[in-house]
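Trainee: Before anything else, here's the structure in question.
The values are calculated or read from the model by the stated rules, or taken from the named source; none is laboratory data. These numbers were taken from a predicted model, which means no experiment stands behind them. Neighbour counts are summed over all protein chains in view; Cβ atoms, including those assigned to glycine, are modelled from backbone coordinates with ideal geometry.
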Amino acid sequence: MEKRPGFLTYNDNAVHVIPEPAHLRYTSSVYVDLADYALADTPDAEPVAAELCRLFGLSGKGPGRVLCGELADAPSPEAYSISVRSGEVRLASASRRGMLYAVETLKQLRAGTWLREMELEDAPAMAIRGFHTNLASIRQLDFPGVLRLIDEMAKFKINLWLLEYNHCFPYAGHPALHGALTFTPEEISAIEQRCKDREIEIMPLCQCIGHNGHIGMHPEYSHLFEPGAKVVGDMQLCPLNPGSFELFKDMAEQLMAAHPGGRYFHIGADEVRSLGNCPDCAEFVRKYGKGKLYTDYINKVCDWVAAQGWKPVIWDDMLSHFPELVPQISRNAAIMYWDYWTTSDPSPFFIARPAALPQTADISWKDRWNELDEPERTITRLYGELTDVKECLEKTPGMKQILPYLGDQTPRWFNAFPFFDFYKDLGFEVFAAPSAFGNTIDDLYGLPNLGRTCKNIRLFAEKCRKSGGAGMVTTSWYSFPQETLSIGIIETAQNTWCGKTLSPLEQEETIR
Ligand SMILES: [Zn+2]
């Protein structure tokens, strides 16, 4: 007698898998029960054997078998395929990571130990699909929470974690920097191991100049810092004090040792707001300008990081402040372009950070907010004042270099993410960095404004794919509970893995 699945099946061909697989075709309405199947003993099955047995209770007593093999002609190292037919289930990939992804997909497709007959071929649209956390600012992330976060990223095929520790790393030789949230060395090792197990590459971040309040607040280090920071979080190392570079090197070496074998090392370098404050720096700025003070120091840091065998990565906002100096930045560096505000293309805003407030736009919008859609309308209302784009461009002469990238509807509308192609054309490797919650100024009903962040993530992924970016890393800031990170992870996964964002109707067409 034919075995029945024992659950209600819907005549539904929709694919409830995140991120959406490239090609999935249900070949019949038949479900097969893998509890009756045996796992064929092959080397390719080794990384996933225990998990497959746990998921499906593979007994080996029945007629069917599960085979794991190498994927021939794989379009990317992360590609995998799944074939489910009565009597035989085949998983194939060109890599251990791809095999893990096949199993993650099966977890979302199975009903208990049952799978519907299908053929699936899958590969990512973007090679680097990343998520960032600042462990110091997302304070609910204790050690078990970090492990859950890693598992969650792996579940959705995120393959890079931009890991910002600040005082959460147990820096040897710096006991003053250890705080209430600092992990133990054993916990750091376990985090590293968990990422290796889940095939998530770690990109450590160590701020080389600004945003070092967690260090500057301690008297032992205050001599390295510029005077006059407006808030603790803005405290900035003096780029001309040799001790600043030595401190950075010491901390960076410890992070590199804790996470060996990585490719990218992020040096931060964003929002450096006290350039030229100390007498030495003031003198330098008088002679050569703030931009050179910044770029000389950054190049020194980048060259050192590169000499350690890592590619340095830098936030781009200071570069957008000095566009005329961008060509002088070391090509050792990759640029991570962050923009948390653009949600339409073309956009009514030119996000010129930090030369102006985020809402740099044609001044005529001021009285015509009702012509805008959400979330721009909300953003505009919250900020109140628009900075006129003409004024912004006049005040920052270097911005003229960006003009060709703004599009021919300027100044009413601007091409989304105009700096992307500017950096690319100068020969830099460029990452996109949208945000899952990058600014709390437009929180809605006490929650992150997901309407804005999800659009921002989707649109930036599209730009990154079209312009040949290195990949995308979605940032998360502020101390919301851990569960709020999930939306950003899922939105990032969907838009970096899929070549396009399918509407429900298009899905009907594709999955037949
Ligand atoms: Zn100084």
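Trainee: When only residues in the range 420-461 that are touching a residue at least 24 places away in the same chain (Cβ under 8 Å) and more than 24 Å from T133 (Cβ to Cβ) count, which is surrounded by the most Cβ atoms within 10 Å (Cβ to Cβ)?
Mentor: Y423
Trainee: Now for a separate question. What number of residues within the range 159-180 satisfy the criterion of being surrounded by fewer than 17 Cβ atoms within 10 Å (Cβ to Cβ) and among the aliphatic types (A, V, I, L, M)?
Mentor: The number of residues fulfilling the criteria is 3.
Trainee: Further question on the same structure: Could you list all residues from the range 374-392 that are loosely packed, with under 12 Cβ neighbours inside 10 Å and at pLDDT 80 or above?
Mentor: none
Trainee: Here's a follow-up. Looking only at the range 224-274, count how many residues are on the phi < 0 side of the Ramachandran plot, within 15 Å of the ligand (Cβ to nearest atom) and among the small types (G, A, S).
Mentor: 4
Trainee: Please count how many residues of the range 415-446 are under 21 Å from the mean Cα position of the chain (by Cα) and in a strand (DSSP E or B).
Mentor: Summing the residues that are under 21 Å from the mean Cα position of the chain (by Cα) and in a strand (DSSP E or B) in the range 415-446 gives 7.
Trainee: Here's another thing I want to ask about it. From P434, P411, P397, which residue is modelled with pLDDT of 85 or more and more than 27 Å from M153 (Cβ to Cβ)?
Mentor: P411
Trainee: Name, by its number, the condition in (1) more than 16 Å from the ligand (Cβ to nearest atom); (2) crowded, with 16+ Cβ neighbours inside 10 Å; (3) at pLDDT 95 or above that does not hold for L325.
Mentor: Only one criterion in (1) more than 16 Å from the ligand (Cβ to nearest atom); (2) crowded, with 16+ Cβ neighbours inside 10 Å; (3) at pLDDT 95 or above is unmet by L325, namely (3).
Trainee: Next question. Return yes when W310 is crowded, with 19+ Cβ neighbours inside 10 Å and either in contact (Cβ under 8 Å) with a residue 60 or more places away in the chain or over 29 Å from the mean Cα position of the chain (by Cα) (or both) and no when it is not.
Mentor: No; evaluated as a whole, the condition is false for this residue.
Trainee: Does S137 count as touching a Phe, Trp or Tyr at 6+ places or on another chain (Cβ under 7 Å), crowded, with 18+ Cβ neighbours inside 10 Å and among the polar types (S, T, N, Q)?
Mentor: Spelling it out, it is not the case that S137 is touching a Phe, Trp or Tyr at 6+ places or on another chain (Cβ under 7 Å), crowded, with 18+ Cβ neighbours inside 10 Å and among the polar types (S, T, N, Q).
Trainee: Here are some residues: I82, I128. Which one is hydrophobic (A, V, I, L, M, F, W, C), at pLDDT 95 or above, within 13 Å of T27 (Cβ to Cβ) and buried (at least 17 other Cβ atoms within 10 Å of the Cβ)?
Mentor: Of I82, I128, the one residue that is hydrophobic (A, V, I, L, M, F, W, C), at pLDDT 95 or above, within 13 Å of T27 (Cβ to Cβ) and buried (at least 17 other Cβ atoms within 10 Å of the Cβ) is I82.
Trainee: Six or more apart or on different chains, Cβ under 7 Å: which pairs go from a residue in the range 275-299 that's on the phi > 0 side of the Ramachandran plot to one that's basic (K, R) and more than 8 Å from the ligand (Cβ to nearest atom)? Could you list them?
Mentor: Within 7 Å, the pairs are G276/K290.
Trainee: While we're looking at this one, here's another question. Exactly one condition in (1) within 20 Å of V272 (Cβ to Cβ); (2) part of a loop (DSSP other than H, G, I, E, B) is false for E199; which is it?
Mentor: Of everything listed in (1) within 20 Å of V272 (Cβ to Cβ); (2) part of a loop (DSSP other than H, G, I, E, B), E199 misses just condition (1).
Trainee: Taking the criterion of being over 30 Å from I128 (Cα atoms), in contact (Cβ under 8 Å) with a residue 24 or more places away in the chain and within 16 Å of the ligand (Cβ to nearest atom), would at least one residue in the range 206-223 satisfy it?
Mentor: Scanning the range 206-223, I find at least one residue that is over 30 Å from I128 (Cα atoms), in contact (Cβ under 8 Å) with a residue 24 or more places away in the chain and within 16 Å of the ligand (Cβ to nearest atom), so the answer is yes.
Trainee: Between Y340, Y297, which is within 16 Å of the ligand (Cβ to nearest atom), out of contact with any His (no Cβ under 6 Å at 6 or more places or on another chain) and of a type in the set (S, T, Y)?
Mentor: After applying the criteria, what remains is Y297.
Residue by residue, here is whether (1) out of contact with any helix residue (DSSP H, G or I) (no Cβ under 7 Å at 6 or more places or on another chain); (2) surrounded by 14 or more Cβ atoms within 10 Å (Cβ to Cβ); (3) among the charged types (D, E, K, R); (4) part of a loop (DSSP other than H, G, I, E, B) holds:
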residue: P5; (1), (2), (3), (4): yes, yes, no, yes
residue: D12; (1), (2), (3), (4): yes, no, yes, yes
residue: H16; (1), (2), (3), (4): no, no, no, yes
residue: A38; (1), (2), (3), (4): yes, yes, no, no
residue: P47; (1), (2), (3), (4): no, yes, no, no
residue: R54; (1), (2), (3), (4): yes, no, yes, no
residue: L58; (1), (2), (3), (4): no, yes, no, yes
residue: G62; (1), (2), (3), (4): no, yes, no, yes
residue: L67; (1), (2), (3), (4): yes, yes, no, no
